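The values are calculated or read from the model by the stated rules, or taken from the named source; none is laboratory data. Quick caveat, the model's predicted, so the values are computed rather than measured. Because the Cβ atoms are built from the backbone with ideal geometry, glycine has one as well, and the counts that use them run over all protein chains shown. Ligands, DNA and RNA are stripped out before the accessible areas are found, and what is left, the full protein with its side chains, is counted by its heavy atoms. Shrake-Rupley method; radii C 1.70, N 1.55, O 1.52, S 1.80 Å.
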Amino acid sequence: MSASGDLHARRTAAVARGVGSMISSYVDSAGGGTMTDVDGREWIDFAAGIAVTNVGNAAPRVVEAVRAQVERFTHTCFMIAPYEGYVAVCERLNALTPGSFDKRSALFNSGAEAVENAVKVARHHTGRPAVVVFDHAYHGRTNLTLALTAKNMPYKHRFGPFAPEVYRAPMSYPLHDGLSGADAAARAIDVIDKQVGAANVAAVLIEPIQGEGGFVVPAPGFLAALADWARGAGAVFVADEIQTGFCRTGDWFASPHDGVEPDLVCTAKGIAGGLPLAGVTGRAEIMDAVHVGGLGGTYGGNPVACAAALAAIETMHELDLCAAARRIEDIAKPRLAGLAGAEGPVAEVRGRGAMLAIEILDAAGRPDPATTAAIAKTCHAAGLLLLTCGTYGNVIRLLPPLVIDEDTLGRGLDILAAAVAEA
Ligand SMILES: Cc1ncc(COP(=O)(O)O)c(C=O)c1O
(Lines give C-alpha, C1' and ligand atoms only; values in the text may rest on other atoms or scores of the structure.)
Protein backbone atom coordinates (compact mmCIF):
# COMPACT_ATOMS: atom_id res chain seq x y z
CA MET A 1 0.00 0.00 0.00
CA SER A 2 1.17 3.58 -0.61
CA ALA A 3 2.17 5.76 2.34
CA SER A 4 -0.96 7.85 1.74
CA GLY A 5 -3.05 4.66 1.63
CA ASP A 6 -1.65 3.63 5.04
CA LEU A 7 -2.43 7.02 6.50
CA HIS A 8 -5.88 6.97 4.99
CA ALA A 9 -6.66 3.67 6.68
CA ARG A 10 -5.46 5.08 10.04
CA ARG A 11 -7.45 8.24 9.44
CA THR A 12 -10.65 6.36 8.71
CA ALA A 13 -10.31 4.56 12.04
CA ALA A 14 -9.38 7.66 14.04
CA VAL A 15 -10.81 10.84 12.51
CA ALA A 16 -14.51 11.70 12.63
CA ARG A 17 -16.25 11.12 9.29
CA GLY A 18 -17.71 14.62 9.25
CA VAL A 19 -14.25 16.10 8.65
CA GLY A 20 -13.71 15.65 4.92
CA SER A 21 -10.63 16.11 2.70
CA MET A 22 -10.59 17.04 -0.96
CA ILE A 23 -7.86 14.53 -1.88
CA SER A 24 -6.71 11.34 -0.20
CA SER A 25 -2.96 12.02 -0.58
CA TYR A 26 -1.20 13.15 2.59
CA VAL A 27 1.18 16.09 2.71
CA ASP A 28 4.87 15.74 3.38
CA SER A 29 6.04 19.27 2.57
CA ALA A 30 4.87 22.37 0.74
CA GLY A 31 6.36 25.60 -0.58
CA GLY A 32 5.40 28.57 -2.71
CA GLY A 33 3.11 26.97 -5.28
CA THR A 34 3.78 23.26 -4.93
CA MET A 35 3.16 20.51 -2.42
CA THR A 36 4.83 17.10 -2.16
CA ASP A 37 2.87 14.19 -0.75
CA VAL A 38 4.21 11.35 1.41
CA ASP A 39 4.63 9.16 -1.69
CA GLY A 40 6.90 11.76 -3.29
CA ARG A 41 4.36 13.03 -5.83
CA GLU A 42 4.46 16.75 -6.56
CA TRP A 43 1.23 18.75 -6.76
CA ILE A 44 0.62 22.24 -8.11
CA ASP A 45 -1.12 24.35 -5.51
CA PHE A 46 -4.07 26.47 -6.69
CA ALA A 47 -5.69 26.32 -3.23
CA ALA A 48 -3.21 27.92 -0.79
CA GLY A 49 -5.00 26.11 2.04
CA ILE A 50 -8.17 28.06 1.07
CA ALA A 51 -6.54 31.47 0.57
CA VAL A 52 -4.25 31.23 3.59
CA THR A 53 -0.67 30.77 2.42
CA ASN A 54 -0.56 33.96 0.35
CA VAL A 55 3.17 34.25 1.18
CA GLY A 56 3.66 30.54 0.38
CA ASN A 57 3.98 27.56 2.66
CA ALA A 58 6.89 27.52 5.11
CA ALA A 59 7.80 31.03 3.90
CA PRO A 60 11.37 31.71 5.07
CA ARG A 61 10.66 34.87 7.11
CA VAL A 62 7.64 33.24 8.76
CA VAL A 63 9.65 30.13 9.67
CA GLU A 64 12.44 32.24 11.17
CA ALA A 65 10.05 34.46 13.14
CA VAL A 66 8.12 31.49 14.51
CA ARG A 67 11.32 29.72 15.53
CA ALA A 68 12.62 32.82 17.31
CA GLN A 69 9.29 33.34 19.10
CA VAL A 70 8.84 29.75 20.34
CA GLU A 71 12.31 29.94 21.84
CA ARG A 72 11.32 33.06 23.83
CA PHE A 73 7.80 32.12 24.96
CA THR A 74 4.85 30.29 23.41
CA HIS A 75 1.89 31.60 25.41
CA THR A 76 1.05 33.82 28.32
CA CYS A 77 -2.49 34.88 27.28
CA PHE A 78 -2.70 38.53 26.29
CA MET A 79 -5.48 39.00 28.88
CA ILE A 80 -3.04 37.91 31.63
CA ALA A 81 0.42 39.10 30.63
CA PRO A 82 0.48 41.21 27.43
CA TYR A 83 3.33 41.27 24.88
CA GLU A 84 4.51 43.45 22.02
CA GLY A 85 3.64 41.13 19.10
CA TYR A 86 -0.10 41.52 19.72
CA VAL A 87 0.19 45.30 19.84
CA ALA A 88 2.35 45.36 16.69
CA VAL A 89 -0.16 43.24 14.71
CA CYS A 90 -2.97 45.60 15.78
CA GLU A 91 -0.86 48.57 14.67
CA ARG A 92 -0.32 46.93 11.26
CA LEU A 93 -4.04 46.10 10.89
CA ASN A 94 -5.03 49.65 11.83
CA ALA A 95 -2.65 51.03 9.19
CA LEU A 96 -3.41 48.55 6.39
CA THR A 97 -7.21 48.27 6.51
CA PRO A 98 -9.21 50.80 4.45
CA GLY A 99 -10.00 54.20 6.00
CA SER A 100 -7.71 56.89 7.40
CA PHE A 101 -9.79 57.33 10.58
CA ASP A 102 -8.65 56.38 14.09
CA LYS A 103 -8.90 52.59 14.52
CA ARG A 104 -8.58 49.85 17.12
CA SER A 105 -8.16 46.09 16.65
CA ALA A 106 -8.71 42.91 18.65
CA LEU A 107 -7.25 39.50 17.80
CA PHE A 108 -8.83 36.04 17.73
CA ASN A 109 -8.08 32.53 16.44
CA SER A 110 -10.27 31.92 13.40
CA GLY A 111 -12.33 33.73 10.83
CA ALA A 112 -15.59 32.59 12.42
CA GLU A 113 -14.47 33.93 15.77
CA ALA A 114 -13.60 37.29 14.19
CA VAL A 115 -17.06 37.50 12.59
CA GLU A 116 -18.75 36.58 15.90
CA ASN A 117 -16.82 39.33 17.63
CA ALA A 118 -17.62 41.90 14.95
CA VAL A 119 -21.31 41.14 15.56
CA LYS A 120 -20.80 41.47 19.33
CA VAL A 121 -19.12 44.84 18.87
CA ALA A 122 -21.78 46.11 16.44
CA ARG A 123 -24.63 45.05 18.75
CA HIS A 124 -22.94 46.57 21.78
CA HIS A 125 -22.25 49.84 19.98
CA THR A 126 -25.72 50.24 18.48
CA GLY A 127 -27.82 48.59 21.18
CA ARG A 128 -29.71 46.87 18.34
CA PRO A 129 -30.19 43.16 17.60
CA ALA A 130 -30.48 42.56 13.84
CA VAL A 131 -27.68 41.43 11.55
CA VAL A 132 -28.22 41.62 7.79
CA VAL A 133 -26.35 39.14 5.58
CA PHE A 134 -26.70 38.15 1.94
CA ASP A 135 -27.62 35.27 -0.34
CA HIS A 136 -24.60 33.00 -0.99
CA ALA A 137 -22.78 34.37 2.08
CA TYR A 138 -20.24 32.29 3.97
CA HIS A 139 -19.07 33.51 7.37
CA GLY A 140 -18.04 30.31 9.20
CA ARG A 141 -19.22 27.19 10.99
CA THR A 142 -19.87 28.19 14.61
CA ASN A 143 -23.51 28.48 15.62
CA LEU A 144 -23.86 32.23 15.05
CA THR A 145 -21.79 32.17 11.87
CA LEU A 146 -23.81 29.21 10.55
CA ALA A 147 -26.87 31.39 10.97
CA LEU A 148 -25.03 34.01 8.89
CA THR A 149 -23.89 31.48 6.26
CA ALA A 150 -26.37 30.79 3.45
CA LYS A 151 -25.73 27.30 2.11
CA ASN A 152 -27.38 24.29 3.73
CA MET A 153 -25.29 21.31 2.54
CA PRO A 154 -22.76 20.59 3.88
CA TYR A 155 -22.52 23.46 6.35
CA LYS A 156 -25.88 23.78 8.11
CA HIS A 157 -27.76 20.54 7.52
CA ARG A 158 -29.19 19.20 10.82
CA PHE A 159 -27.01 21.53 12.93
CA GLY A 160 -29.77 23.96 13.91
CA PRO A 161 -31.50 25.66 15.56
CA PHE A 162 -29.44 28.68 14.68
CA ALA A 163 -29.01 32.05 16.37
CA PRO A 164 -31.92 34.48 15.92
CA GLU A 165 -32.00 38.04 14.57
CA VAL A 166 -30.20 37.19 11.34
CA TYR A 167 -31.85 38.41 8.12
CA ARG A 168 -30.86 37.60 4.54
CA ALA A 169 -31.01 40.11 1.71
CA PRO A 170 -30.53 39.50 -2.04
CA MET A 171 -26.95 39.74 -3.28
CA SER A 172 -25.78 41.42 -6.46
CA TYR A 173 -24.89 38.53 -8.81
CA PRO A 174 -24.52 40.10 -12.26
CA LEU A 175 -24.36 36.85 -14.28
CA HIS A 176 -27.72 35.75 -12.91
CA ASP A 177 -29.64 38.92 -12.06
CA GLY A 178 -28.36 41.25 -14.77
CA LEU A 179 -28.87 44.21 -12.40
CA SER A 180 -26.66 47.26 -12.04
CA GLY A 181 -25.05 47.79 -8.63
CA ALA A 182 -27.51 50.60 -7.88
CA ASP A 183 -30.56 48.49 -8.77
CA ALA A 184 -29.31 45.43 -6.86
CA ALA A 185 -28.63 47.64 -3.83
CA ALA A 186 -32.09 49.20 -4.05
CA ARG A 187 -33.60 45.69 -4.11
CA ALA A 188 -31.57 44.63 -1.04
CA ILE A 189 -32.33 47.85 0.85
CA ASP A 190 -36.02 47.44 0.17
CA VAL A 191 -35.91 43.97 1.75
CA ILE A 192 -34.02 45.33 4.78
CA ASP A 193 -36.39 48.28 5.19
CA LYS A 194 -39.56 46.19 4.87
CA GLN A 195 -38.54 42.97 6.61
CA VAL A 196 -36.12 44.15 9.29
CA GLY A 197 -36.58 47.89 9.77
CA ALA A 198 -33.63 50.26 9.64
CA ALA A 199 -33.90 51.11 13.34
CA ASN A 200 -33.33 47.46 14.30
CA VAL A 201 -30.18 46.89 12.27
CA ALA A 202 -26.95 46.56 14.24
CA ALA A 203 -24.80 45.43 11.32
CA VAL A 204 -24.80 44.92 7.58
CA LEU A 205 -22.22 42.17 7.06
CA ILE A 206 -20.88 41.30 3.62
CA GLU A 207 -17.92 39.74 1.81
CA PRO A 208 -16.77 42.34 -0.77
CA ILE A 209 -16.16 39.40 -3.12
CA GLN A 210 -17.98 36.30 -1.91
CA GLY A 211 -15.77 33.28 -1.28
CA GLU A 212 -17.41 29.90 -0.67
CA GLY A 213 -20.67 31.23 -2.18
CA GLY A 214 -19.13 31.29 -5.66
CA PHE A 215 -16.55 34.09 -5.99
CA VAL A 216 -19.44 36.42 -6.69
CA VAL A 217 -18.21 39.91 -7.59
CA PRO A 218 -21.05 42.37 -6.99
CA ALA A 219 -21.83 44.91 -9.70
CA PRO A 220 -19.95 48.23 -9.30
CA GLY A 221 -21.64 50.53 -6.81
CA PHE A 222 -23.48 47.78 -4.89
CA LEU A 223 -21.18 47.76 -1.87
CA ALA A 224 -20.88 51.54 -1.77
CA ALA A 225 -24.68 51.98 -1.84
CA LEU A 226 -25.10 49.50 1.02
CA ALA A 227 -22.36 51.16 3.05
CA ASP A 228 -24.04 54.55 2.53
CA TRP A 229 -27.40 53.13 3.57
CA ALA A 230 -25.89 51.54 6.69
CA ARG A 231 -24.27 54.80 7.72
CA GLY A 232 -27.50 56.69 7.21
CA ALA A 233 -29.39 54.10 9.26
CA GLY A 234 -26.90 54.24 12.15
CA ALA A 235 -25.90 50.61 11.49
CA VAL A 236 -22.35 49.29 11.39
CA PHE A 237 -21.08 48.27 7.94
CA VAL A 238 -18.87 45.20 8.39
CA ALA A 239 -16.67 43.83 5.60
CA ASP A 240 -15.74 40.18 5.94
CA GLU A 241 -12.34 40.33 4.24
CA ILE A 242 -11.30 36.94 5.56
CA GLN A 243 -10.85 35.38 2.11
CA THR A 244 -10.19 38.59 0.15
CA GLY A 245 -7.59 40.13 2.46
CA PHE A 246 -3.83 40.44 2.44
CA CYS A 247 -3.06 41.19 -1.22
CA ARG A 248 -5.28 38.40 -2.56
CA THR A 249 -7.30 40.66 -4.89
CA GLY A 250 -4.38 42.84 -5.96
CA ASP A 251 -4.81 45.28 -3.09
CA TRP A 252 -4.40 44.81 0.64
CA PHE A 253 -8.19 44.51 0.92
CA ALA A 254 -11.06 44.27 -1.58
CA SER A 255 -13.43 46.96 -0.23
CA PRO A 256 -11.43 49.85 -1.75
CA HIS A 257 -11.99 48.41 -5.25
CA ASP A 258 -15.55 49.70 -4.80
CA GLY A 259 -14.48 52.86 -2.95
CA VAL A 260 -15.75 51.54 0.39
CA GLU A 261 -14.31 52.23 3.85
CA PRO A 262 -16.05 49.71 6.13
CA ASP A 263 -16.72 50.59 9.77
CA LEU A 264 -15.33 47.19 10.80
CA VAL A 265 -13.16 44.73 8.88
CA CYS A 266 -12.81 41.03 9.75
CA THR A 267 -9.50 39.39 8.84
CA ALA A 268 -8.01 35.88 9.17
CA LYS A 269 -6.67 33.33 6.63
CA GLY A 270 -3.83 35.15 4.80
CA ILE A 271 -2.79 37.21 7.81
CA ALA A 272 -0.18 34.88 9.30
CA GLY A 273 1.29 32.62 6.60
CA GLY A 274 -0.65 29.58 7.82
CA LEU A 275 -0.76 30.07 11.57
CA PRO A 276 -4.19 30.55 13.15
CA LEU A 277 -4.87 34.23 13.73
CA ALA A 278 -7.82 36.54 13.07
CA GLY A 279 -8.72 40.14 13.76
CA VAL A 280 -11.48 42.70 13.96
CA THR A 281 -10.38 46.21 13.07
CA GLY A 282 -12.47 49.32 12.89
CA ARG A 283 -13.47 52.78 13.92
CA ALA A 284 -12.10 53.51 17.38
CA GLU A 285 -15.43 54.78 18.72
CA ILE A 286 -17.17 51.54 17.68
CA MET A 287 -14.46 49.13 18.83
CA ASP A 288 -13.93 51.00 22.10
CA ALA A 289 -17.65 51.01 22.92
CA VAL A 290 -17.19 47.59 24.52
CA HIS A 291 -16.44 47.50 28.26
CA VAL A 292 -13.01 46.32 29.49
CA GLY A 293 -12.95 42.50 29.53
CA GLY A 294 -15.84 42.20 27.05
CA LEU A 295 -13.58 40.85 24.27
CA GLY A 296 -10.92 38.17 24.44
CA GLY A 297 -10.20 34.46 24.70
CA THR A 298 -7.38 32.20 25.87
CA TYR A 299 -5.44 31.97 22.60
CA GLY A 300 -6.58 35.05 20.65
CA GLY A 301 -3.46 36.82 19.35
CA ASN A 302 -1.16 34.00 20.44
CA PRO A 303 2.47 35.25 20.39
CA VAL A 304 3.66 32.66 17.85
CA ALA A 305 0.80 33.50 15.47
CA CYS A 306 1.53 37.23 15.94
CA ALA A 307 5.23 36.71 15.13
CA ALA A 308 4.17 34.81 12.00
CA ALA A 309 1.76 37.60 11.01
CA LEU A 310 4.39 40.31 11.38
CA ALA A 311 6.77 38.28 9.21
CA ALA A 312 4.05 37.51 6.65
CA ILE A 313 3.06 41.18 6.39
CA GLU A 314 6.72 42.16 6.00
CA THR A 315 7.01 39.58 3.20
CA MET A 316 3.93 41.03 1.47
CA HIS A 317 5.53 44.47 1.55
CA GLU A 318 8.99 43.37 0.49
CA LEU A 319 7.87 41.11 -2.37
CA ASP A 320 5.03 43.48 -3.31
CA LEU A 321 2.50 40.66 -3.28
CA CYS A 322 -0.34 43.01 -4.29
CA ALA A 323 1.49 43.49 -7.59
CA ALA A 324 2.14 39.74 -7.72
CA ALA A 325 -1.62 39.09 -7.41
CA ARG A 326 -2.31 41.51 -10.26
CA ARG A 327 0.35 39.76 -12.35
CA ILE A 328 -1.37 36.42 -11.70
CA GLU A 329 -4.62 37.98 -12.92
CA ASP A 330 -2.87 39.32 -16.04
CA ILE A 331 -1.57 35.85 -16.87
CA ALA A 332 -4.52 33.70 -15.80
CA LYS A 333 -7.56 35.74 -16.83
CA PRO A 334 -6.85 35.66 -20.59
CA ARG A 335 -6.18 31.91 -20.35
CA LEU A 336 -9.49 31.41 -18.52
CA ALA A 337 -11.30 33.72 -20.96
CA GLY A 338 -10.03 31.47 -23.75
CA LEU A 339 -11.93 28.59 -22.12
CA ALA A 340 -15.23 30.45 -22.25
CA GLY A 341 -17.03 30.01 -25.53
CA ALA A 342 -20.50 29.52 -26.92
CA GLU A 343 -19.96 25.75 -27.15
CA GLY A 344 -18.35 24.99 -23.82
CA PRO A 345 -19.59 24.92 -20.22
CA VAL A 346 -17.68 28.02 -19.03
CA ALA A 347 -20.31 30.76 -18.77
CA GLU A 348 -18.23 33.43 -17.06
CA VAL A 349 -14.72 34.25 -15.92
CA ARG A 350 -14.60 36.60 -12.94
CA GLY A 351 -12.65 37.73 -9.92
CA ARG A 352 -9.78 40.02 -9.08
CA GLY A 353 -6.07 39.48 -8.63
CA ALA A 354 -5.35 35.92 -7.57
CA MET A 355 -8.99 35.29 -6.60
CA LEU A 356 -10.35 34.09 -9.94
CA ALA A 357 -13.16 31.76 -10.93
CA ILE A 358 -15.03 30.18 -13.82
CA GLU A 359 -18.74 29.46 -13.52
CA ILE A 360 -20.03 26.31 -15.21
CA LEU A 361 -23.53 26.22 -16.75
CA ASP A 362 -25.20 23.56 -18.88
CA ALA A 363 -26.51 24.13 -22.41
CA ALA A 364 -29.81 25.40 -20.97
CA GLY A 365 -28.00 27.98 -18.81
CA ARG A 366 -28.52 26.11 -15.53
CA PRO A 367 -25.79 25.54 -12.91
CA ASP A 368 -23.91 22.32 -13.73
CA PRO A 369 -22.36 20.89 -10.56
CA ALA A 370 -21.71 17.47 -12.17
CA THR A 371 -19.49 18.90 -14.93
CA THR A 372 -17.82 21.17 -12.37
CA ALA A 373 -16.99 18.20 -10.13
CA ALA A 374 -15.73 16.23 -13.14
CA ILE A 375 -13.36 19.06 -14.13
CA ALA A 376 -12.03 19.29 -10.56
CA LYS A 377 -11.57 15.52 -10.42
CA THR A 378 -9.62 15.48 -13.69
CA CYS A 379 -7.41 18.27 -12.33
CA HIS A 380 -6.77 16.37 -9.09
CA ALA A 381 -5.86 13.24 -11.06
CA ALA A 382 -3.35 15.33 -13.02
CA GLY A 383 -1.77 16.71 -9.83
CA LEU A 384 -3.47 20.12 -9.54
CA LEU A 385 -4.96 21.12 -6.19
CA LEU A 386 -8.06 23.04 -7.20
CA LEU A 387 -11.24 23.92 -5.31
CA THR A 388 -14.84 24.27 -6.34
CA CYS A 389 -17.36 26.56 -4.63
CA GLY A 390 -20.76 28.15 -5.11
CA THR A 391 -24.23 27.72 -3.69
CA TYR A 392 -24.91 25.44 -6.67
CA GLY A 393 -21.45 23.79 -6.59
CA ASN A 394 -20.79 25.01 -10.11
CA VAL A 395 -17.82 27.34 -9.72
CA ILE A 396 -14.13 26.48 -10.02
CA ARG A 397 -11.89 28.85 -8.13
CA LEU A 398 -8.23 29.68 -8.36
CA LEU A 399 -6.45 30.71 -5.18
CA PRO A 400 -2.75 30.15 -5.79
CA PRO A 401 -0.15 31.37 -3.32
CA LEU A 402 0.86 34.85 -4.47
CA VAL A 403 4.50 33.77 -4.68
CA ILE A 404 3.78 31.05 -7.27
CA ASP A 405 6.27 31.24 -10.16
CA GLU A 406 5.03 31.75 -13.72
CA ASP A 407 6.09 28.32 -14.92
CA THR A 408 4.12 26.55 -12.16
CA LEU A 409 1.14 28.84 -12.71
CA GLY A 410 1.24 28.09 -16.44
CA ARG A 411 1.45 24.32 -15.86
CA GLY A 412 -1.57 24.49 -13.56
CA LEU A 413 -3.53 26.48 -16.13
CA ASP A 414 -2.61 23.90 -18.80
CA ILE A 415 -4.06 21.14 -16.61
CA LEU A 416 -7.25 23.12 -16.04
CA ALA A 417 -7.60 23.92 -19.76
CA ALA A 418 -7.22 20.24 -20.67
CA ALA A 419 -9.80 19.26 -18.02
CA VAL A 420 -12.32 21.81 -19.34
CA ALA A 421 -11.74 20.63 -22.92
CA GLU A 422 -12.39 17.05 -21.81
CA ALA A 423 -15.58 17.90 -19.88
C1 LIG B 1 -15.39 35.03 3.93
C2 LIG B 1 -15.14 34.07 5.05
N3 LIG B 1 -15.56 34.38 6.29
C4 LIG B 1 -15.35 33.56 7.32
C5 LIG B 1 -14.71 32.35 7.16
C6 LIG B 1 -14.50 31.45 8.34
O7 LIG B 1 -13.13 31.41 8.66
P8 LIG B 1 -12.57 30.20 9.55
O9 LIG B 1 -12.69 28.96 8.72
O10 LIG B 1 -11.15 30.59 9.83
O11 LIG B 1 -13.41 30.15 10.78
C12 LIG B 1 -14.26 31.99 5.89
C13 LIG B 1 -13.61 30.69 5.66
O14 LIG B 1 -13.59 30.15 4.57
C15 LIG B 1 -14.48 32.87 4.80
O16 LIG B 1 -14.08 32.57 3.55
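For region 115-136, residues that are assigned to a helix (DSSP H, G or I) and either under 27 Å from residue 187 (Cβ atoms) or in contact (Cβ under 8 Å) with a residue 60 or more places away in the chain (or both) total 11.
Kindly indicate which of 372, 378 is open to solvent by 10 Å² or more (accessible area, probe 1.4 Å), hydroxyl-bearing (Ser, Thr, Tyr) and closer than 18 Å to residue 23 by Cα.
Going through 372, 378 in turn, just one is open to solvent by 10 Å² or more (accessible area, probe 1.4 Å), hydroxyl-bearing (Ser, Thr, Tyr) and closer than 18 Å to residue 23 by Cα: 378.
Just wondering, is there one or more residues in region 304-314 that are open to solvent by 10 Å² or more (accessible area, probe 1.4 Å), outside any loop (DSSP other than H, G, I, E, B) and touching a strand residue (DSSP E or B) at 6+ places or on another chain (Cβ under 6 Å)? Checked region 304-314: no residue is open to solvent by 10 Å² or more (accessible area, probe 1.4 Å), outside any loop (DSSP other than H, G, I, E, B) and touching a strand residue (DSSP E or B) at 6+ places or on another chain (Cβ under 6 Å). Residue pairs whose Cβ atoms lie under 8 Å apart, separated by 6 or more positions or on different chains, with the first residue in region 81-99 and at pLDDT below 95 and the second surrounded by fewer than 18 Cβ atoms within 10 Å (Cβ to Cβ) and in a helix (DSSP H, G or I), do not occur.
Can you tell me which residues in region 210-224 are away from the ligand (no atom under 16 Å from the Cβ) and either within 19 Å of the chain's Cα centre (by Cα) or surrounded by fewer than 22 Cβ atoms within 10 Å (Cβ to Cβ) (or both)? 219, 220, 221, 224, listed by residue number. For residue 21, the requirement of being of a type outside the set (Lys, Arg), modelled with pLDDT of 95 or more, surrounded by fewer than 13 Cβ atoms within 10 Å (Cβ to Cβ) and under 25 Å from the mean Cα position of the chain (by Cα) is met. For residue 402, the conditions (1) part of a helix (DSSP H, G or I); (2) closer than 21 Å to residue 216 by Cα; (3) not acidic (Asp, Glu) are fulfilled apart from (1). Filtered by the rule that a residue be outside any loop (DSSP other than H, G, I, E, B), surrounded by fewer than 22 Cβ atoms within 10 Å (Cβ to Cβ) and in contact (Cβ under 8 Å) with a residue 40 or more places away in the chain, region 226-251 gives a lone residue, 229. Yes or no: residue 359 surrounded by 18 or more Cβ atoms within 10 Å (Cβ to Cβ), of a type in the set (Asp, Glu), within 26 Å of residue 42 (Cβ to Cβ) and under 22 Å from the mean Cα position of the chain (by Cα)? No: the conditions fail for residue 359.
Tallying residues that are among the polar types (S, T, N, Q) and assigned to a loop (DSSP other than H, G, I, E, B) within region 380-399 yields 2. Filtered by the rule that a residue be within 12 Å of residue 220 (Cβ to Cβ), among the hydrophobic types (A, V, I, L, M, F, W, C) and open to solvent by less than 60 Å² (accessible area, probe 1.4 Å), region 163-186 gives 179, 184, 185. Kindly indicate the residue of region 86-103 that is farther than 13 Å from residue 246 by Cβ and of a type in the set (Ser, Thr, Tyr) and also most open to solvent (accessible area, probe 1.4 Å) among those meeting that condition. Among those residues, the one meeting the criterion is 100. When the test is whether a residue is over 16 Å from residue 88 (Cα atoms) and in contact (Cβ under 8 Å) with a residue 12 or more places away in the chain, residue 300 does not pass it. Pairs linking a residue in region 335-354 that is assigned to a helix (DSSP H, G or I) to a residue that is crowded, with 17+ Cβ neighbours inside 10 Å, with Cβ atoms under 7 Å and 6 or more positions apart or on different chains, are 335/413; 336/349; 336/356; 336/358; 337/349. Of all residues in region 104-114, none satisfies being at pLDDT 95 or above and over 14 Å from residue 279 (Cβ atoms). Among the conditions (1) open to solvent by 10 Å² or more (accessible area, probe 1.4 Å); (2) more than 30 Å from residue 178 (Cα to Cα); (3) over 18 Å from the mean Cα position of the chain (by Cα), the only one that residue 269 does not satisfy is (3). Take the residues of region 137-159 that are open to solvent by 30 Å² or more (accessible area, probe 1.4 Å) and not in a helix (DSSP H, G or I): which is farthest from the ligand (Cβ to nearest atom)? Taking the candidates together, the pick is 158. Of all residue pairs spaced 6 or more apart or on separate chains, those with beta-carbon atoms under 6 Å, a first member in region 192-209 that is part of a loop (DSSP other than H, G, I, E, B) and a second member that is open to solvent by less than 70 Å² (accessible area, probe 1.4 Å) and among the small types (Gly, Ala, Ser) are 196/130; 208/239; 208/254; 208/255; 209/254. Hey, does region 104-114 have a residue that's open to solvent by less than 50 Å² (accessible area, probe 1.4 Å), within 16 Å of the ligand (Cβ to nearest atom) and either charged (D, E, K, R) or free of Cβ contacts under 8 Å to residues at least 24 places away in the same chain (or both)? The answer is yes, given that some residue of region 104-114 is open to solvent by less than 50 Å² (accessible area, probe 1.4 Å), within 16 Å of the ligand (Cβ to nearest atom) and either charged (D, E, K, R) or free of Cβ contacts under 8 Å to residues at least 24 places away in the same chain (or both). Total residues in region 252-277 satisfying the condition of being part of a loop (DSSP other than H, G, I, E, B) and more than 11 Å from the ligand (Cβ to nearest atom): the figure is 10.
Any chance region 266-278 includes a residue that's over 30 Å from residue 60 (Cβ atoms) and in contact (Cβ under 8 Å) with a residue 60 or more places away in the chain? Within region 266-278, not a single residue is over 30 Å from residue 60 (Cβ atoms) and in contact (Cβ under 8 Å) with a residue 60 or more places away in the chain.
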